[in-house]
Amino acid sequence: MIWNEYHHAKPHTVSTVLTGPQYTELMSKGKGAPMFIYPVPKGEAPNHFVLVSQHQEKSFVLTFLGDYQRNPSAANPYMVLTCFDELLPTKGIALMRGDLISNLHEDEGLTLMTKVMDSYLKEPEHEVVRQFNHEPNSFNYEEYIQKALVDFATLKRHQIATKADKLNLGGPKAHYGYKEDAELNLAPGGTWVNRENKQRKK
């Protein structure tokens, strides 16, 4: 589809197309269980960082869990998934775009987009999301993280093996706000580092 081909050719964006029923279910379940967490492998195992996803109207905003725990209102998004439902009345489809804002590469963003949709559109995946939101004392964090890291790596390999070649849109353009690990004060594995303090100690 032109929507996916266009965004696949752009740097730092991913996209997909939802059927009408998928979109309705995604929005409904997102409202009922708006938050969840997704570990992202980074570097050599077991290095990873964890993103927290928040459903907001027609979007899912993913931020670094450590930033969110320190100050939810000041946590900068790493990725934003936005749904567009203008074509529902005429075409019966909704469009989703994922903007990779910082510390995520395209394959990771594509994997995260798929993980978010699976979390709300598949079982038993959604049961885990429901438990996280409504029965947090029953949610086994360590068990979930270990399984999710394996699932993420497997899905990412599949995404890489099956994705189409990029179209040439005239060369890459700088994406607003995109930052690498060093600019975000992240050490390997996604651990936040206060570099100003480290410099003072030298």
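Label zone (residue 151, point 7 Å along Cα-to-C-beta; backbone nitrogen cut-off 13 Å) within region 90-113: 112-113. Residues 84, 49, 60, ranked from the fewest to the most other C-beta atoms within 10 Å, line up as 84, 49, 60. Fully extending the segment from residue 85 to residue 144 would add 18.0 nm, taking 0.36 nm per residue of separation and subtracting the current Cα-Cα distance.
Footprinting exposure proxy ranking of 141, 68, fewest other C-beta atoms within 10 angstrom first, gives 141, 68.
With the simple model of a label 7 Å out from the Cα in the direction of the Cβ, residue 118 to residue 31 spans 2.7 nm. Assign one of three labels to region 2-177, namely rounded, prolate or oblate, based on the Cα gyration tensor with a ≥ b ≥ c the square roots of its eigenvalues; rounded applies when a/c is under 1.5, prolate when it is not and a/b is larger than b/c, and oblate otherwise. Oblate shape, in that a/c is at least 1.5 and b/c is the bigger or equal ratio. Of 31/91; 42/115; 42/147; 115/156, which ones are farther than 21 Å apart at the Cα? Check vs 21 Å cut-off fails for 31/91.
Rounded, prolate or oblate: which fits region 59-148 when a ≥ b ≥ c are the square roots of the eigenvalues of the alpha-carbon gyration tensor, with rounded for a/c under 1.5 and prolate only if a/b beats b/c? Oblate, because a/c is 1.5 or more while a/b does not exceed b/c.
Taking the fewest neighbouring Cβ atoms within 10 Å as the starting point, the ordered list for 122, 147 is 122, 147. Annotation: for a label point projected 7 angstrom from Cα along Cα→Cβ of residue 105, residues of region 27-59 with backbone N closer than 13 Å are 41-44.
Bear in mind these aren't lab numbers, they're just calculated from the coordinates by the rules spelled out. None of these values were measured; they are calculated from a predicted model. Neighbour counts are summed over all protein chains in view; Cβ atoms, including those assigned to glycine, are modelled from backbone coordinates with ideal geometry.
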